[in-house]
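Scroll down for the structure; my scribbles are underneath it.
The values are calculated or read from the model by the stated rules, or taken from the named source; none is laboratory data. Treat the numbers as computed from the prediction; the structure is a model and nothing was measured. Glycine gets a Cβ as well: all are built from the backbone with ideal geometry, and neighbour counts include every protein chain shown. Only protein heavy atoms, including side chains, enter the accessible area calculation; ligands, DNA and RNA are left aside. Shrake-Rupley method; radii C 1.70, N 1.55, O 1.52, S 1.80 Å.
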Amino acid sequence: MLRNKSLIPLSHQHQRALALCVRIDRAQAIQGADLQAWQAEIEHLFEGELKTHFSAEEQVLFPAAGKFSELIPLVEELIADHAALRESFALAKARLMSTEDLPAFAQQLSAHIRKEERQLFERMQQLMPAEELTALGMKLEEALKDAARSCILPNEATNLRPRK
């Protein structure tokens, strides 16, 4: 199903986060020196965009979805995902992630995003009348206004290298 324009700003932020997940997944074995750079990039993504994104979802999107009884278990699961992801972002900020933590983090974030896109957004578009989706979009736009709107460019350490 095509994404309703009211949800597109969240989907665009999801795309930027997924790009980081793909780069982590495709990176060669990450060495200790590069680990710091990856964690800095993860911190930058969270502080610049995803912190506001999570807040918008929790304060605007999830309450709207929670009006539909069939979506309540999914919303509860997504809220739990946010809590677990915040712990991972805190580890990155403190530079405490290990080389094993990075791919696990990328998988966790990717799975969360896909759950929102494929399950929550799809079902909300089916259940909500157009005027409610429009009103939701206006509330989301306001909630997301402070999020950074830039693409993070990889640095030397986090740029993908050809596989050997």
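Considering I79, I113, I72, which residue is buried (at least 16 other Cβ atoms within 10 Å of the Cβ) and of a type outside the set (D, E, K, R)? Give the steps one after another, and end with the answer.
Numbers: I79 fails: buried (at least 16 other Cβ atoms within 10 Å of the Cβ); I72 fails: buried (at least 16 other Cβ atoms within 10 Å of the Cβ).
It is I113.
Whether any residue in segment 23-31 is of a type in the set (G, A, S) and under 19 Å from the mean Cα position of the chain (by Cα) is what I want to check.
Kept after step one, since they are of a type in the set (G, A, S), are these residues of segment 23-31: 27, 29.
So of that shortlist, the ones also under 19 Å from the mean Cα position of the chain (by Cα) come out as none.
Among the residues of segment 23-31, not one is of a type in the set (G, A, S) and under 19 Å from the mean Cα position of the chain (by Cα), which makes the answer no.
I'd like the full set of residues that are touching a His at 6+ places or on another chain (Cβ under 6 Å) and of a type in the set (F, W, Y), limited to segment 1-56. It would help to see each step written out before you state the result.
Here is the first cut: in segment 1-56, the ones touching a His at 6+ places or on another chain (Cβ under 6 Å) are 13, 54.
Passing the criteria: only F54.
Return the residues of segment 21-55 that are charged (D, E, K, R) and open to solvent by less than 20 Å² (accessible area, probe 1.4 Å); say none if nothing qualifies.
Taking segment 21-55 first, the residues charged (D, E, K, R) are 23, 25-26, 34, 41, 43, 47, 49, 51.
Listed by number, the residues that qualify are E41, E49.
Do you know which residues across segment 52-82 are under 28 Å from M97 (Cα atoms) and free of Cβ contacts under 8 Å to residues at least 24 places away in the same chain?
Those that are under 28 Å from M97 (Cα atoms) and free of Cβ contacts under 8 Å to residues at least 24 places away in the same chain: E76, I79, A80.
List the pairs whose first member sits in segment 12-33 and is part of a helix (DSSP H, G or I), whose second member is open to solvent by 30 Å² or more (accessible area, probe 1.4 Å) and acidic (D, E), and whose Cβ atoms are under 8 Å apart, counting only residues at least 6 apart or on separate chains?
The qualifying pairs are H14/E117.
Could you please find all residues in segment 89-135 being aliphatic (A, V, I, L, M) and over 18 Å from L20 (Cβ atoms)?
First, pick out the residues of segment 89-135 that are aliphatic (A, V, I, L, M): 90-92, 94, 96-97, 102, 104, 106, 109, 111, 113, 120, 124, 127-128, 130, 133, 135.
Within segment 89-135, A94, L96, L120, M124, L127, M128, A130, L133, A135 qualify.
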